[in-house]
Structures are given as structure tokens and as C-alpha cells.
Amino acid sequence: MSHEQCRYLLGSLSEYIDGKLDESICQEIEQHMAGCENCRVVIDTLRKTVSLYHEEALHTQTPEDVRQRLYKRLKLEDFLLSKKP
Amino acid sequence: MGKAEEITLSIQALRSGDRAEYARLVDAYYQLVYRLALKMLGNPQDAEDILQETFIKVFRNIDKFDGRSSLSTWIYRIATNEALMFLRKKHPELVSIDQPTETEEGEQEPLQIVDWCCLPESELMSAEAKAHLDEAVMRLPLRLRAVFVLRDIQGLSTRESSEVLDISEMAVKTRLSRARLRLREELSDYFGDRLGERKSLL
Ligand SMILES: [Zn+2]
């Protein structure tokens, strides 16, 4: 496989892992990947990179004291009590 | 994932200053706004300021919400602009989001070719790894960072992100691709070392 092709496909990999590409280009990438270990690794680690950020985002919560100060700043503190923590 | 369920809020009630309705709005969106600010700015104190300023602006400008975009897109736009304004004030040297300086932000050629996907979850999601993930985002140029945070951290669609940032969908895709490739590079650097450490233990 030529390195030229790796470079040519590089700009499509992000959409590829989102499953947003046309069948024909997906096939092109998959065919290339079958013979190019480098691109296989790049695609797998790119996919993993995105999924780690997705996962990390789910764990990012607003601290309770930040929420309370927000409600106070907005003069909505009377609605704080009625909410679950 | 990160997206709020589009809850039904009465714009009418918000416009007339209904405090209970405002409280419902804040409850529905504060998590999203805080996370956006935190990931854009990388600092909890600054993120809190942006969180507060965003809702103050939302309340103040609700009359100007014309319903052409969804309420959540509109709130995202205010929050994103607040974060960008803050960053530009703090770091005037940072490139503007609209400035087309694609040259310095071309596609990152993959340099790190190491398959670290097999690392255990405990290693991939350790506190140290998470801190590293956040730092890597902070090293992205602003225009890439904003797109990455909206798409991959907040879970907005390409179209929604383009509305929030007022750029084309094509620009969203290009910037997202560049951001992801850069982050892949950074994470490969970091996790590649972790992989090396494990292997040397065997
Ligand atoms: Zn290749």
C-alpha cells in the first residue's frame, strides 16, 4: 500500500468512525486498512480517543455548591430546596 | 449522550418573567452549560463565572429569542460566545474563531502508531488519564476546541454545532477531524508510554 493513499484517506477517517460516509469510500478505507497495519491502528485509536472523551463527559458533573451559587446569583434560591440534590 | 432532552418550556412564561419557569430552564441546562465552560476553559472557577454570566444573559435576552433555532441551540450559542470572549480577553494572542488560518491547523499526520486500545479500563479512565485528556483539549487551538467540545463532549450534531458557531457544516466536519487527529496523537503519546510500562513489567 502506498503512503500516498494513507494521506489521501486521512481526512475521511473522522467521518468514517462516525459512520457518516458513503458506502464506496467506506469500502475503500476498509480495503486499505486490510493491507495497512498503520491505518488500522490509527483508525482504532482514533475511535478509542473519541469514545474516551464521550465517556469522560458523562462523568463530568456540576458540583452542588456551584449549582447553589448559581441559583443564588439568579435570585432563584427559593427553587433550590424543592430540587433533588 | 450530553444532549439535554428538549424539555417543554413556555417561552411565553419566560418572557413574562415567570420565575418558576426560569428555575425549570436553569435546572434543564445548567449541567450542559457548566460542562461546556469547564471543557472550553479548563478551570472550575472560570467555568463557574461563565455559567452564571450565561444564564444572566439568557434571562436578559429572552425577548430576542426568535425561535428560529431551538432554545438549547440558542443557550449553547450564548454560553459558547461567553467562553470564547473570556478566552480572547485572557489570551489575546489566541487566533479568532472566524479567522481562516487553516495552514497552521492542517491535518495532523499520524506519527504515533501504537495500538493502546487494549489497555484496561482502569488505566484508560484513571484520574491521571482523565487529567491528561482535559489538558490535551486545552492545547487545541480555539477554533478546533470549540467544535470538538460541542460535537464530542456535548454530543451536538454537525448541524447544531454549525448553528451554534455560525460556521458551515463543512467547516465543522473539517475542524472536528483535525481536532480528533491531534487528540489521538496526544493520547497515543501518553497511553503508548503506559503500554510500554506494562510490557516492561512482564
Ligand atoms: Zn495506510
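For this structure, a couple of remarks:
- Failed condition for A:Asp22, given (1) more than 9 Å from chain B (Cβ to nearest Cβ); (2) within 11 Å of the ligand (Cβ to nearest atom): (2)
Every residue, every condition in (1) more than 30 Å from B:Glu135 (Cβ to Cβ); (2) in contact with a strand residue (DSSP E or B) (Cβ under 8 Å, 6 or more places away or on another chain); (3) crowded, with 16+ Cβ neighbours inside 10 Å, yes or no:
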{"position": "B:Gln12", "(1), (2), (3)": "yes, no, no"}
{"position": "B:Arg24", "(1), (2), (3)": "yes, no, yes"}
{"position": "B:Lys39", "(1), (2), (3)": "no, no, yes"}
{"position": "B:Asn43", "(1), (2), (3)": "no, no, no"}
{"position": "B:Ile78", "(1), (2), (3)": "no, no, yes"}
{"position": "B:Leu84", "(1), (2), (3)": "no, no, yes"}
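- Looking only at segment A:31-67, and only at residues there that are within 16 Å of the ligand (Cβ to nearest atom) and surrounded by fewer than 13 Cβ atoms within 10 Å (Cβ to Cβ), the one that is nearest to B:Val114 (Cα to Cα): A:Glu37
- The listed residues are A:Leu70, A:Leu13, and the only one of them that is at the interface with chain B (Cβ under 8 Å from one of its Cβ atoms), at pLDDT 95 or above, surrounded by 13 or more Cβ atoms within 10 Å (Cβ to Cβ) and more than 28 Å from B:Arg175 (Cα to Cα) turns out to be A:Leu70.
- Residue ID - surrounded by the most Cβ atoms within 10 Å (Cβ to Cβ), chosen from residues in segment A:76-85 that are assigned to a loop (DSSP other than H, G, I, E, B) and more than 8 Å from every other protein chain (Cβ to nearest Cβ): A:Leu80
The values are calculated or read from the model by the stated rules, or taken from the named source; none is laboratory data. None of the values given here were measured: they were computed from a predicted structure. Every residue, glycine among them, receives a Cβ derived from its backbone with ideal geometry; neighbour counts consider all protein chains shown.
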